[in-house]
Amino acid sequence: MKKFRADLHVHSVLSPCGDLEMSPDVIIGKAKEMHLDIIGITDHNSTRQCAVIRQMGEQNAITVLTGAEVTTREEVHCLTFFETDEQLNEFQKYLDMHLPDIKNDVGRFGYQVVVDAANNIVFTEERLLVSALDQSIGQVEAKVHSLRGLFIPAHIDKLRFSLYGQLGFLPTGLKVDALEISPGKSSVDFLEKHPELLHYSIISGSDAHYPHQVGSRVTVFDMENPGFGEIKNTLEGIGTRTLNFF
């Protein structure tokens, strides 16, 4: 087993609330500086910036999990990750189908652009990506798992845009691969209040929207390799694989 440092909650230039400096080269450069082995790209309701960042990651020995931070109909934020391009593309079709047609206000929310490896803008998303999908958390979870992806409710301890902030409980039958605690927070107090969550894997990430935040919160995976399958096995607690965050 080896230890791998991971930040599984990173936004890029595509997220309207993200800084325009969060280009693929800056994200990978910062990940190297922070000695990260794995990062997760989780733009709001879109996967379109993932491919370029993953390619850059491969060139720099950094594993890039590709997915999105989805906002459900209940306004619960959930991290989603997929192993293959086919799965990722299918999920993007699902997001496009269920994102409401609300135009982005650049002055209020910021730009929503996709850039190539040279930082040229190749696509501008006109619809507001921080809108809630017209799909419930159960429907989103079912879609993610139908594509063999990972489904992780984000920053569950936050007062807004979280599982407990919006709903106040973990719905019966909701299949989660892990739960995420906010950056800078300990899981101890929250789990004392919610002992029903003690048997779930708990991770934490930076929720980085600016370069200096990348790697400021790290989950350490003790596993055989940094591949998608091993990450999934670790979250499931298979064998002697373990995880911890700081």
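Per-residue ellipticity at 222 nm, computed for the chain from helices alone with -39500 (n - 2.57) per DSSP H run of at least four residues, works out to -7500 deg cm²/dmol.
Only lysine pairs 8 or more places apart, or on different chains, with alpha-carbon atoms under 16 angstrom apart are counted in segment 2-245, and they number 9.
Rounded to the nearest 20, the Cβ-based charge dipole of the chain about its Cα centre (Lys and Arg +1, Asp and Glu -1) stands at 300 debye.
For segment 78-202, what is the percent of antiparallel DSSP beta bridges, rounded to the nearest 5? Before the final figure, lay out each step's value.
Numbers: 8 of 9 bridges.
Once the DSSP bridges in segment 78-202 are tallied, antiparallel ones form about 90 percent.
The phi torsions of segment 199-214, fed into the Karplus equation with coefficients 6.51, -1.76 and 1.60 and a -60° offset, translate into couplings of 8, 8, 6, 10, 10, 8, x, 7, 6, 5, 10, 9, x, 5, 8, 4 Hz, rounded to whole numbers, with Gly and Pro shown as x.
Per-residue Karplus couplings for segment 233-243, computed as 6.51 cos²θ - 1.76 cosθ + 1.60 with θ equal to phi - 60°, are listed in order as 4, 5, 4, 7, x, 6, x, 9, 5, 9, 9 Hz, Gly and Pro entered as x.
Take 53-63, 94-104, 175-185 and order them by the average number of nearby Cβ atoms within 10 Å per residue, most first; the result is 175-185, 53-63, 94-104. The string of couplings for segment 69-85 from the Karplus curve (6.51, -1.76, 1.60, θ = phi - 60°) is 9, 8, 9, 7, 4, 7, 6, 9, 8, 9, 7, 10, 9, 9, 7, 10, 4 Hz, one whole number per residue in order, with x for Gly and Pro.
For Rg and Dmax of the Cα atoms in Å, one of (1) 17.7, 61; (2) 16.6, 50; (3) 21.9, 72 was computed from the structure I shared and the rest are decoys. Which label? Label (2) holds the value from this structure.
Neighbour counts of C-beta atoms inside 10 Å place Phe82, Phe123, Phe169, Phe161 in the sequence Phe169, Phe123, Phe161, Phe82, starting with the fewest.
Taking the DSSP beta bridges in segment 18-83 as the whole, what percent of them are antiparallel, to the nearest 5? Approximately 55 percent, going by the DSSP bridge assignments.
Every number in this text was worked out from the coordinates using simple rules, so none of it is lab data. All values derive from a computational prediction rather than experimental measurement. Positions of Cβ are generated from backbone atoms using ideal geometry, with glycine treated the same way; all protein chains shown enter the neighbour counts.
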